[in-house]
Every structure is written in structure tokens, then in C-alpha cells.
Amino acid sequence: MMGERRVDQAKLFYEFSLERHVPENHLLRAIDLFVDLEGVRAHLAPFYSPIGRPSIDPELMIRMLLVGYCLGIRSERRLCEEVHLNLAYRWFCRLGLDGDVPDHSTFSKNRHGRFRDSDLLRELFESVVRRCMAEGLVGGEGFAVDASIIRADASRHRTAVEGAVGLPPEAASRAVQEYLAALDEEAFGAATPVTPKYLSLSDPASRWTAAQAGPASFAYCTNYLIDLEHAVIVDVEPSTAVRQGELAACRTMIERTDERLGLHPERLTADTAYGSAEMLEWLVHDQEIAPHIRVFDKSKREDGTFSREDFTYDPATDLYRCPGGHELKRYRRAFSSPRTGPPADDTHRYRASKSDCDACALKSQCCPKAPARKVTRSIHEAAREVAREIAKTDAYWTSMRQRKKVEMLFAHLKRILKLDRLRLRGPCGARDEFLLAATAQNLRKLAKLIPVPTPLAPA
């Protein structure tokens, strides 16, 4: 017999509990165990007026932002709608059934003011990293670093071409002001002297790049420094989408992690982009970190003639010896006034004698088109040799296999959290989004690896 549900007049009173309607295995239940926002109000207190109308609770805004970034809700308008309708989101945000959801414009107002002035999002991220450390998820011995390109919120068709004089007055937006302020930063304007081919009028700090799949576009780089134990992100930093910006961001993250979290790795693994002579020198001699990094070296010859590795260097006499047994002496230009210090390009040049090369039976294999052979040597060659020796060990290949963990985090960031294009503009907007996304990834890591306590059954 077919049943029929009768809809009577709506009840005047209901017995309803949000706690009973949020499943025990819901992701937000597990994340809620590791979200500690007790210090948010104290941290923001100096940035609020002591008089006037009470503001929206900053803890509510942070919880709503965490919902959005943990679950891939990119639009703040849509986030407000989802929190209004979803019981689990209301439970996580402590809104109850009748709590009012703030307007989406509240987030912009606080982001451009109190949150950035107080560096709240950085404090939130580091508090989650400290929780990961307390739970034993951070080993602190081996780190990996890498960067990934994230498209900027900038049109490919609204640009200023190379050589244009200034920007039009109507382009003086907040993003333009941030661009001008970041011109001297090592990870942005000072990263490279090369003039960009195009300049975005809506987000000038973004970089025109064709490094990613598809047509060229404006983009930023998000840089991750992760602990290899459980792939916990220990620091994140935005940079312009060039290699020099990535290296500057790497140095910033390692120094900041040591200063603020007390973490200093014994080894660092990265791809060849981080294997420049200057970077290896900084790691080996300044930071005393073992570089599990392939050396960035273009001295290998492909025409069958001897490469630089075929020449033997003697540090005692500061000479190179060729395969034929002849010496290559360091070239010193005769200046009218003696000069001290390293060369301008940080490279020493060694030359063989023309008479030795003319009489050598191996000249056709060494310098068939030159009167004498020349070999260059970086002033940071000692650090490069350290990296080459490490590359011969089993530990190096173990680190290379572990390096894929940071690539998996970038894939998770773009495919699961849907952050393949920025929503905010300017270096500060990129920093805000990258910090919140990294915080969300660490919280999801905690929720996955740390078991949720099972409530005791009633006796």
C-alpha cells in the first residue's frame, strides 16, 4: 500500500541540535580540533577603536575563510551563501541556526585594513605549523623547496607594451600602489633587471610568462618550503614568476623559519633551478645546509671536444691541468691601478699557453678553432663541488624521490582547492591567498593523520 506524507501546519517550536546533524566523519569536525583562535582578538585589539559600534567578530570571519579555502569555495559571495545554507558550515563557524552571516564586503574591508596591518594571516599560518610540530608531524631534518605558477587576475588584453612611458592615471589602483612599493623587494621588482615584455594595467606586479601549459599569461609564483617527514608546509612566500624571484623567496623562507619557528634543516632538496653557484654558496657556507640539488652547469660540450670536467684543478697552485698535461694559468688583466676583490661576473678565467696548444697532439679534441684553450671557474666552485659529491650518494637519490611531495601539494592546491587562478590582486593579495591556502592544506593534513577522539558510549 502506498503511503502518503501529510504536511500539517508548521510547528511553532522545534527541538533541533546542530551537533546531531553534523556527521562524525565530516572533514570540518576533524579540522575544528586543530583550529585555535583564542589569540585572534588579543592580536587584533590594537587595530580596533575602543568606542563605536561593535564590529563583526574576527574569529567568525577567519572561520568562514577557512571553510572556503579548505573546501575550495573561491568566491566570497558564494561562501556567504553556503555558510547561510549549510548546517556543517554553521556549526564550524559557531553561528547556530539563527546567527547572521556577515556581508561579503566585510571581508574586503578587513583584509585591506586590520588583517594586513596586523599580519594576522601569517600568525594564523604559523600557529597551525606549531600545532603540526606539537603533534610530531615535523621532523626538521630535511626540507624541500619548489615554486608553482598561479595565474593572476589580470587580462592578457589589457597591457602596456615594453618601452611604454609610465601608466595612465586611471590605472593608479591599489594593485599599482603595491607594485610600486614592491619594486625594491628581492622577490619582485629587484629579482631581475630584465624589462618585462608586457605590463598588466590591472596588476603590474604580476609577470608575463609562457612557462605554464597553454597561452602566455600574467602570473605569480607560490613558493613552498616543506618538511619531508609528512609534507607539512613550514613556510610559503609569493614571488614574481622568474627564477631569480624563486631563489630570493627560498632564502627568505629558510631564514624566517629559523627565526620564527626554530627550524633549521640539515639538508635541502630542490630542482636544478636552485642549483646556481650563488645559491649553493649561501646554503653550504652561510647556512651550513647540505644541498641535495643538481648543480646548474652549462659547461658540458656536445661537439666531442673536452669539457671543463676533463680538466683537473689544483687548489694549492691555483692551476688547471689539461688532459695533455699542460698548465692553464689564471688570467689577470693588467690594470693601471691594482684591483682587489672578485671579478664583476664572479668568474675566474684560466688560459693555456699558445705554444703548448700548438704542439699538443690533442688540440683537435680540445680547441680546434681557437689558438689556445680557456676554462672558467666560479668563485663559488667549492660549494658546487660539495653539491656534486652529495649527488653521488644514496641519500641524494632518496631526497630526489621525496621531492615529489611538494609537487603533490601543488597538484592538490590547484585541483582540489581550486586555486589555479588568483582572485585578489597585487603582491599583498597573492600573499593573503597563498597563506590561507597553505593553512588549509596543513589543517587537512592534521585532520587526516591525527585520529579524531571517539566519544564514549553511554553506560
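Of all residues being assigned to a helix (DSSP H, G or I) and of a type in the set (A, V, I, L, M, F, W, C) in region 41-63, which is surrounded by the fewest Cβ atoms within 10 Å (Cβ to Cβ)? Just the residue, please.
Ala42
When you go through Ala430, Ala372 one by one, which is the residue that is within 30 Å of Phe218 (Cα to Cα), surrounded by 17 or more Cβ atoms within 10 Å (Cβ to Cβ) and either touching a strand residue (DSSP E or B) at 6+ places or on another chain (Cβ under 7 Å) or without any contact (Cβ under 8 Å) to a residue 60 or more places away in the chain (or both)?
Ala430
Looking only at residues that are touching a helix residue (DSSP H, G or I) at 6+ places or on another chain (Cβ under 7 Å) and assigned to a helix (DSSP H, G or I) in region 394-427, which one is surrounded by the fewest Cβ atoms within 10 Å (Cβ to Cβ)?
His412
Pick out, from region 66-169, the helices (runs of 4 or more DSSP H) lying fully within it that include 1 or more residues that are in contact with a His (Cβ under 9 Å, 6 or more places away or on another chain).
Fully inside region 66-169 and qualifying: 76-85, 87-92, 120-134.
Residues Val295, Val236, Val284: which one is among the β-branched types (Val, Ile, Thr), at pLDDT 95 or above and outside any strand (DSSP E or B)?
When all the criteria are applied, what remains is Val284.
Which residue out of Ala205, Ala241, Ala211, Ala216 is out of contact with any helix residue (DSSP H, G or I) (no Cβ under 9 Å at 6 or more places or on another chain), farther than 19 Å from Ala411 by Cβ and assigned by TED's automatic domain parsing to the domain that holds Ala147?
Ala216
Is it the case that region 300-308 has a residue that's more than 19 Å from the chain's Cα centre (by Cα), under 20 Å from Ser355 (Cα atoms) and β-branched (Val, Ile, Thr)?
yes
The values are calculated or read from the model by the stated rules, or taken from the named source; none is laboratory data. Bear in mind the structure is a predicted one, so any value in this text is a computation, not a measurement. A quick note on method: Cβ atoms are made from the backbone with ideal geometry, for glycine too, and the neighbour counts reach across all protein chains shown.
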